[in-house]
Amino acid sequence: MVIVTKIRSPMKNFKNRLSLLILLKVSLSIGFSQQVLAESMDHSQHQGQKPAKQAKTSCQKVAVTCGKTVTSAFAPNGDLWRVWSQQNNIYYQISPDNGKNFGIAKAVAIPKEKISARNENRPKIAFDSKLGVYLSWATPREKKYTADIRYSYSSDYGKTFSTPITVNDDGLLTGHSFNEMVVDEEDDVSIVWLDGRLKQRKDAGNGSAIFVASGNMTKAREQFVNQEVVNGTCVCCRLAVDYNQQGKLAILWRHIYGDNIREFAITTLGEQSTPYQVSHDHWKINGCPHQGGALSIAKDNRYHMVWYNQGDKGKGIFYSYSNDAGKSLSLPIAVGEQAAQAAHPHMSEKNGVIDIVWTQFTGTEHQLWHQQSTDKGVTFGSAKVLAISTKGSDRPFIVPGKNNSFVSWHRFQQGHWLSQL
Amino acid sequence: MKRLRLVKTRLQTNGLLLTSMLLVTTLVMTGLAQAEPASNGSTAFSKLRFEQVKQEKKGQKWLALLWSVDCPPCMKELALVQKLQQKQQNLAVVIINTDTEESSEQERVDIIKHFNLVNLKNFHFTQGQEAQQRYQVDPQWFGELPRSYFIDEQGKFHGKSGLIAEELLIQWLLTI
């Protein structure tokens, strides 16, 4: 401040004011990012300040900053993996210290192919108890809105990967996308996705279908037999999956009810024949919300859920839990500020603590928000801003670790941000 | 240049005024730079350009249609606009593409060509600015698509998400 008042030259004065403004902004950023753990040894992460044109050229090299999306997961040995897509490859980096430092980026050793990685669509990674690494992704086909679900497995912790296979077994040139993947304690891997094959049927209704396929890399059995779960889903919103305490897979998705009423629905495979409707916000839209929900099932089998709607009965983000697999729900709690464009919620439960993250937008700045419940979802503490971005914002995700949960947020040109919650 | 010189003169006399004037000048110049049409018949969206369009169209009913290559129902709405255009030339429609990925640039161009909508005013959002530009169009809009704005003679925006019924488009856009 002293310097500014002593400067006589107006131009210098202006420059200093500008510097001061930048300094203030930087200080603010540092204030917000005290918990930053995720900056890589790769210095490309620090190029966040560069203008868009320069960033375009710099993204010819391999760096997480160049990925449009980032997916993170902890391996059973405590390593944190992150994967992204670039130049028709899937790249991964491993952090031994909860994201403080990452090793060099390595390409998954499979032939190059197109990888869907934007908005709700992105590669997925999972692990089994023997440190097997599972990858799945969607690869676009030659016709618009067509893709295949792809899968590869590594039994040597990423050194080699199996030749990718196409999981959808219909052989049709149609939509297969928005894949989710989980591995259970028996090392069974399950992949669920949105599937367009039923559109070929004469009685096909509106929307897509959900299909599921399971496999086991250590047991000799028929792998990835496709099974239909439900028809008539939204075509552009991600799915959410988790295992319940009976080891059954539960799926939460945006369904199309009646005349384009888009509401969330849930089903637990093998436990029910008809899905339960979760939300009742009455969002009528013959379009693409591009916003799925999140599901996390606790050890007491309580299903925790978040979703987003813009219906005439409910607008914004909502949290609710169910003690009977979605048949009845707690009164939904509104999360975030609707007027500040609260959107893209994600949520995870761990040891009775529920963390919800979402983004808001002020008109100039993206904000990552967090709210936590320590009483199994009955009450929540106040919402807090964790980080900001001025250039762009990928969807935030909670990544459960061995003892704690972390939030993963990728920001255009600013890199991948991780923080313990 | 004259404007710049004027700004510079004032800079030397009034430091406070200087800061704001320079910023305004920069903003205007940036706006003008962005106003240059991009290739393939689509212009990079900017607040200034959009304001200009709003001013140009004041006094008439028009439609702003926002779409993405990732949105199947958007294709249906673009097809409806194409159908209406065959009935009436010079439809009062402004098309705004919300994709900013390099990978979707060619798709955007191909789709607009496919629907013969090159003659309409086409904008596209710019990388890293998609949220800002969405907010500039409408702070109440969350990005769901297709998004249509029916803008009346007074310049008032009536936003609707999802595919619009053909009858409504005919009613709003056809004057013959």
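So, in segment B:124-163, of the ones that are touching an Asp or Glu at 6+ places or on another chain (Cβ under 9 Å) and assigned to a loop (DSSP other than H, G, I, E, B), which residue ends up farthest from the other protein chains (Cβ to nearest Cβ)?
B:Phe125
In this structure, does A:Ala340 turn out to be within 14 Å of another protein chain (Cβ to nearest Cβ) and surrounded by fewer than 23 Cβ atoms within 10 Å (Cβ to Cβ)?
Yes: the conditions hold for A:Ala340.
Would you point out the residue of segment A:282-297, among those that are more than 20 Å from A:Phe178 (Cα to Cα) and surrounded by fewer than 21 Cβ atoms within 10 Å (Cβ to Cβ), that is farthest from the other protein chains (Cβ to nearest Cβ)?
This residue is A:His282.
Identify, by number, the condition in (1) crowded, with 24+ Cβ neighbours inside 10 Å; (2) in a strand (DSSP E or B) that A:Gly232 doesn't meet.
If we test A:Gly232 against (1) crowded, with 24+ Cβ neighbours inside 10 Å; (2) in a strand (DSSP E or B), just (1) comes out false.
Go through segment A:191-229 residue by residue and tally those that are surrounded by 21 or more Cβ atoms within 10 Å (Cβ to Cβ) and aromatic (Phe, Trp, Tyr).
Of the residues in segment A:191-229, 2 are surrounded by 21 or more Cβ atoms within 10 Å (Cβ to Cβ) and aromatic (Phe, Trp, Tyr).
Is there a residue in segment B:78-100 that is surrounded by fewer than 19 Cβ atoms within 10 Å (Cβ to Cβ), of a type in the set (A, V, I, L, M, F, W, C) and within 11 Å of chain A (Cβ to nearest Cβ)?
Checking segment B:78-100: not a single residue is surrounded by fewer than 19 Cβ atoms within 10 Å (Cβ to Cβ), of a type in the set (A, V, I, L, M, F, W, C) and within 11 Å of chain A (Cβ to nearest Cβ).
Could you tell me whether any residue of segment A:264-272 is within 14 Å of another protein chain (Cβ to nearest Cβ), among the aliphatic types (A, V, I, L, M), assigned to a strand (DSSP E or B) and out of contact with any Ser or Thr (no Cβ under 6 Å at 6 or more places or on another chain)? I'd like the intermediate steps shown before the answer.
To start, the set of residues in segment A:264-272 that are within 14 Å of another protein chain (Cβ to nearest Cβ) comprises none.
No, segment A:264-272 has no match at all.
Checking the condition within 15 Å of the chain's Cα centre (by Cα) and more than 14 Å from chain B (Cβ to nearest Cβ), which residue from A:Ser382, A:Ser348, A:Ser393, A:Ser373 passes?
Being within 15 Å of the chain's Cα centre (by Cα) and more than 14 Å from chain B (Cβ to nearest Cβ) holds for just one of A:Ser382, A:Ser348, A:Ser393, A:Ser373, which is A:Ser348.
Which residue pairs have Cβ atoms under 9 Å apart, sit 6 or more places apart or on different chains, and have a first residue in segment A:212-231 that is charged (D, E, K, R) and a second that is in a strand (DSSP E or B)?
A:Lys219/A:Asp188; A:Arg221/A:Gly215; A:Glu222/A:Gly215; A:Glu228/A:Asp195; A:Glu228/A:Ala209; A:Glu228/A:Ile210; A:Glu228/A:Phe211; A:Glu228/A:Val212
Could you please let me know if B:Leu145 is more than 16 Å from B:Asp70 (Cα to Cα) and among the hydrophobic types (A, V, I, L, M, F, W, C)?
For B:Leu145, the condition - more than 16 Å from B:Asp70 (Cα to Cα) and among the hydrophobic types (A, V, I, L, M, F, W, C) - is not met.
Among what's in segment B:124-153 and is polar (S, T, N, Q) and touching a residue at least 12 places away in the same chain (Cβ under 8 Å), pick the residue that is nearest to A:Ser389 (Cα to Cα).
If we filter segment B:124-153 for residues that are polar (S, T, N, Q), which is where we start, we get B:126-127, B:129, B:132-133, B:136, B:140, B:148.
From the residues that got through so far, the ones that are touching a residue at least 12 places away in the same chain (Cβ under 8 Å) too are B:126-127, B:129, B:133, B:136, B:140, B:148.
Values: B:Thr126: 16, B:Gln127: 14, B:Gln129: 11, B:Gln133: 15, B:Gln136: 18, B:Gln140: 20, B:Ser148: 28 Å.
Among residues in segment B:124-153 that are polar (S, T, N, Q) and touching a residue at least 12 places away in the same chain (Cβ under 8 Å), the one nearest to A:Ser389 (Cα to Cα) is B:Gln129.
Restricting to segment A:163-172, count the residues that are touching a residue at least 40 places away in the same chain (Cβ under 8 Å) and either assigned to a loop (DSSP other than H, G, I, E, B) or of a type in the set (S, T, N, Q) (or both).
Number of matching residues: 6.
Listed residues B:Gln106, B:Gln136, B:Gln127, B:Gln140; which is in contact with a Phe, Trp or Tyr (Cβ under 8 Å, 6 or more places away or on another chain), surrounded by fewer than 21 Cβ atoms within 10 Å (Cβ to Cβ), modelled with pLDDT under 95 and not basic (Lys, Arg)?
So the residue among B:Gln106, B:Gln136, B:Gln127, B:Gln140 that is in contact with a Phe, Trp or Tyr (Cβ under 8 Å, 6 or more places away or on another chain), surrounded by fewer than 21 Cβ atoms within 10 Å (Cβ to Cβ), modelled with pLDDT under 95 and not basic (Lys, Arg) is B:Gln127.
Can you tell me which residue in segment A:396-421 is nearest to the other protein chains (Cβ to nearest Cβ), limited to those that are closer than 12 Å to A:Phe74 by Cβ and under 15 Å from the mean Cα position of the chain (by Cα)?
So, considering only residues that are closer than 12 Å to A:Phe74 by Cβ and under 15 Å from the mean Cα position of the chain (by Cα), the one nearest to the other protein chains (Cβ to nearest Cβ) is A:Ser408.
Here are A:Val229, A:Val235: which of them is among the aliphatic types (A, V, I, L, M) and within 14 Å of chain B (Cβ to nearest Cβ)? Reasoning before the result, please.
Numbers: A:Val229 fails: within 14 Å of chain B (Cβ to nearest Cβ).
Within the list A:Val229, A:Val235, the selection yields A:Val235.
If we keep just the residues of segment A:364-382 that are among the small types (Gly, Ala, Ser) and under 17 Å from A:His304 (Cβ atoms), which is surrounded by the fewest Cβ atoms within 10 Å (Cβ to Cβ)?
Selected residue: A:Gly381.
Being buried (at least 16 other Cβ atoms within 10 Å of the Cβ) and farther than 28 Å from A:Glu263 by Cα: is that true of A:Lys402 here? Please lay out each step first, then the result.
On the way: buried (at least 16 other Cβ atoms within 10 Å of the Cβ): no; farther than 28 Å from A:Glu263 by Cα: yes.
So A:Lys402 does not fit the description; no.
Identify, please: which residue in segment B:105-123 is without any contact (Cβ under 8 Å) to a residue 40 or more places away in the chain and assigned to a helix (DSSP H, G or I) and is, among those, farthest from the other protein chains (Cβ to nearest Cβ)?
B:Lys113
Every residue, every condition in (1) over 18 Å from the mean Cα position of the chain (by Cα); (2) away from chain B (no Cβ under 14 Å); (3) part of a strand (DSSP E or B), yes or no:
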position	(1), (2), (3)
A:Ile104	yes, yes, no
A:Pro111	yes, yes, no
A:Ile115	no, no, no
A:Ile125	no, yes, yes
A:Leu131	yes, yes, no
A:Thr139	no, no, yes
A:Lys143	yes, no, no
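Could you please find all residues in segment A:108-123 being of a type in the set (A, V, I, L, M) and surrounded by fewer than 15 Cβ atoms within 10 Å (Cβ to Cβ)?
If we filter segment A:108-123 for residues that are of a type in the set (A, V, I, L, M), which is where we start, we get A:108-110, A:115, A:117.
Answer for segment A:108-123, where residues must be of a type in the set (A, V, I, L, M) and surrounded by fewer than 15 Cβ atoms within 10 Å (Cβ to Cβ): just A:Ala109.
Output the number of the condition that A:Asp97 fails; it satisfies all remaining conditions of (1) in a loop (DSSP other than H, G, I, E, B); (2) of a type in the set (Asp, Glu); (3) surrounded by 23 or more Cβ atoms within 10 Å (Cβ to Cβ).
Result: A:Asp97 fails condition (3) only.
The values are calculated or read from the model by the stated rules, or taken from the named source; none is laboratory data. Keep in mind it's a predicted model, so treat the numbers as computed, not measured. Because the Cβ atoms are built from the backbone with ideal geometry, glycine has one as well, and the counts that use them run over all protein chains shown.
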